[in-house]
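The next block holds one structure in the form of C-alpha cells; read it before the comments.
Since every read-out is calculated from the coordinates, none of them should be taken as a lab result. Values in this document were obtained by computation on a predicted structure and should not be read as measured data. Here the Cβ positions follow ideal geometry from the backbone for every residue, glycine too, while neighbour counts run over all protein chains shown.
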Amino acid sequence: MNKEKWGIVLENIERKFEILDRGIDEEYGQRTEWIEFENPQGKMRPEWIEKLRMTGFKTAYSKRLGTSAGKVEQTESKSEKVNFVRAYIFSEEKNDWEEMKADALLG
C-alpha cells in the first residue's frame with residue numbers, strides 16, 4: 001500500500017464510521033499514523049508505519065583472555081524508507097489489541 005492509498009482508506013473510514021481517536025507517534029526513527037474507529041466487528045485500529053530501511057548488520061568482535069564477546073548492531077539507510085500497514089482489532093476477552101490482516105480493511 002502506498003501513501004495515496006492510505007489517504008483513501010482514511011477518507012473512507014472517516015465517512016463511514018465513528019472515529020474514537022487518532023494520532024501520530026514518532027520514536028526511534030519510526031513514524032506511526034493511526035486511527036481508531038467503531039464498526040460492526042468492534043473497535044479497529046489501522047496503522048501506517050514508516051521507518052528507515054534496514055540495510056544489514058554490523059558485527060564487532062573482541063577476543064579477551066578466556067572469553068570472546070561480540071556485539072551486533074543493525075545498520076539503516078540514511079535516505080531510504082519503507083512503509084507498511086498493520087491493523088488491529090480490540091479483543092474484549094483479552095482487553096487488548098490483536099493484530100489482523102490488513103487486507104481485511106480493504107474489503
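Counting Lys and Arg as +1 and Asp and Glu as -1, what is the net charge of the other residues whose Cβ lies under 15 Å from the Cβ of PHE17?
Residues near PHE17 contribute -1 overall.
Taking amide H atoms as placed 1.01 Å from N in the peptide plane, list the residues 5 or more away in sequence, or in a different chain, whose amide H sits under 5 Å from that of LEU20.
GLU36, PHE37, GLU38
How large is ³J(HN,Hα) for each residue in the stretch 85-93, as worked out from phi by the Karplus curve 6.51 cos²θ - 1.76 cosθ + 1.60 (θ = phi - 60°), to whole Hz, x for Gly and Pro?
Running phi through 6.51 cos²θ - 1.76 cosθ + 1.60 with θ = phi - 60° gives 10, 10, 10, 10, 10, 7, 9, 5, 5 Hz.
When the Cα centres of the stretch 74-103 and the stretch 19-48 are compared, how far apart do they sit, in Å?
One Cα centre to the other: 10 Å.
Rg and Dmax of the chain, Cα atoms, in Å?
Here Rg and the maximum Cα pair distance are 19.3, 66 Å.
Work out from phi, with θ = phi - 60° and the Karplus expression 6.51 cos²θ - 1.76 cosθ + 1.60, the ³J(HN,Hα) of each residue of the stretch 6-11, listed in order in whole Hz, and give x for Gly and Pro.
3J(HN,Hα) across the stretch 6-11, in whole Hz: 4, x, 5, 4, 4, 4.
Amide H neighbours of GLU76 under 5 Å, at least 5 residues apart or on other chains, H built in the peptide plane: list them.
Here the answer is THR55, since their amide H atoms fall under 5 Å of that of GLU76.
When the chain is fully extended, how far beyond the present Cα-Cα distance does GLU27 get from GLU73, taking 0.36 nm per residue of separation?
My answer for the length gained is 14.8 nm.
In sequence order, what are the phi-derived ³J(HN,Hα) couplings for the stretch 17-31 according to the Karplus relation 6.51 cos²θ - 1.76 cosθ + 1.60 with θ = phi - 60°, rounded to whole Hz, with x for glycine and proline?
In residue order, the calculated couplings are 10, 7, 7, 8, 6, 7, x, 9, 10, 10, 7, 6, x, 10, 10 Hz.
With charges set only on the Cβ (+1 for Lys and Arg, -1 for Asp and Glu), what does the dipole of the stretch 3-106 come to about its Cα centre, in debye to the nearest 20?
Roughly 880 debye, rounded to the nearest 20.
If I build a Gaussian network model for the chain, linking alpha-carbon pairs within less than 10 angstrom, which residue out of ARG53, ARG86, ARG31 has the largest mean-square fluctuation?
Highest fluctuation among the options: ARG53.
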